[in-house]
1. Scan the range 69-94 for residues that are of a type in the set (Gly, Ala, Ser), assigned to a loop (DSSP other than H, G, I, E, B) and under 20 Å from Leu152 (Cβ atoms) and report the count.
2. With the requirement that a residue be part of a loop (DSSP other than H, G, I, E, B) and either closer than 25 Å to Thr57 by Cα or at pLDDT below 95 (or both), what does the range 111-158 give you?
3. Give the residue that is farthest from the chain's Cα centre (by Cα), with candidates limited to residues of the range 38-68 that are of a type in the set (Gly, Ala, Ser) and either more than 28 Å from Leu2 (Cβ to Cβ) or in a helix (DSSP H, G or I) (or both).
4. Taking interchain pairs and intrachain pairs at least six residues apart, which have beta carbon atoms under 9 angstrom, with the first residue in the range 171-182 and surrounded by fewer than 24 Cβ atoms within 10 Å (Cβ to Cβ) and the second of a type in the set (D, E, K, R) and assigned to a helix (DSSP H, G or I)?
5. For residues that are in contact with a helix residue (DSSP H, G or I) (Cβ under 9 Å, 6 or more places away or on another chain) and part of a loop (DSSP other than H, G, I, E, B), scanning just the range 95-110, find the one that is nearest to Glu70 (Cα to Cα).
6. Kindly indicate whether any position in the range 204-217 is free of Cβ contacts under 8 Å to residues at least 60 places away in the same chain and surrounded by 23 or more Cβ atoms within 10 Å (Cβ to Cβ).
Amino acid sequence: MLVDSHCHLDFPDFAEELDAVVERARGAGIGHMLTICTHVTKFGQVLAVAERFPEVTCTVGIHPHEAGAEPAVTAAQLVEKAQHPKVIGFGETGLDYFYDHSPREKQQRSFRAHLMAAREAQLPVVVHTRDADADTARILTEEMAEGAFPGLIHCFSSGRELAEKAVELGLYISLSGILTFKKSEDLRETARAVPLDRLLVETDAPYLAPVPKRGKRNEPAFVAHTAAVLAEVKGVSVREIEEATTANFFRLFGKAPKPAALAAE
């Protein structure tokens, strides 16, 4: 069994065949999918997807791209929305200085609000960072000093320094299809260095389809390809990667309902 720890099942890309996408994931041995909120104003449609399928849960939050356009959100507002049993974390939030779709000051303010919510509710925060490693590490460190909170850096594509800082802070690292790309040798080296008990796998579907599906619309079933490459990188069996990343997910996201096979263990 595998978990897709980050996908966007509410996106229009899946509107015409969402049932089929989830069924293909089941057939591929995907036991749980976490669908991620990017706009608080669209949280209702994210939650609706999670409520539709027993093996899907969701987060609530504002993507850094939307931090300028979306109404500013407070930690209290996020915590209130997270009272729903299907909401198991916050985000995705963070900093994206590559595209700079939102003013950096607003990105940072939104990021801190999500971290405060994670601290208050003790639910994991899903962190997005691109070309912003120094500020991401600084803000995470500053906020962690105010009180610990669980979380992960999703779709990790940064260097070893940020990975080490994240692990030092008690966070997890989630690897996407980027791990399978030919050009990603540096990322594979970083993944090799991260302890296996801190790693998750994800698709970020509909984006970043892994090799051999690259160029196609991504979907949760394809997370198995990333897991297979991670097994090669770590020098262990695919079964070991499946067991470890699944255990890591449910350890981090303690609010997520465990599948019957795991709940019996």
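1. Residues of the range 69-94 that are of a type in the set (Gly, Ala, Ser), as a first pass: 69, 72, 75-76, 82, 89, 91, 94.
Retained after the next criterion (residues that are assigned to a loop (DSSP other than H, G, I, E, B)): 69, 72, 82.
In the following step, the residues that additionally are under 20 Å from Leu152 (Cβ atoms) were identified as 82.
Total satisfying the criteria: 1.
2. At the first step, the residues of the range 111-158 found to be part of a loop (DSSP other than H, G, I, E, B) are 122-124, 131-132, 146-150, 154-158.
Within the range 111-158, Gln122, Leu123, Pro124, Ala148, Phe149, Pro150, His154, Cys155, Phe156, Ser157 meet the criteria.
3. Here is the first cut: in the range 38-68, the ones of a type in the set (Gly, Ala, Ser) are 44, 48, 50, 61, 67-68.
If we keep only those that are either more than 28 Å from Leu2 (Cβ to Cβ) or in a helix (DSSP H, G or I) (or both) as well, we get 44, 48, 50, 67-68.
Numbers: Gly44: 19, Ala48: 19, Ala50: 15, Ala67: 18, Gly68: 22 Å.
Going through the qualifying residues, I end up with Gly68.
4. As it stands, the answer is Leu171/Lys165; Leu171/Arg198; Ile173/Arg198, since those pairs meet every condition given.
5. My answer is Ser102.
6. yes
The values are calculated or read from the model by the stated rules, or taken from the named source; none is laboratory data. As the structure is a computational prediction, the values presented were derived from the model and not from experiment. Here the Cβ is made from the backbone with ideal geometry for all residues, glycine too, and neighbour counts use every protein chain on show.
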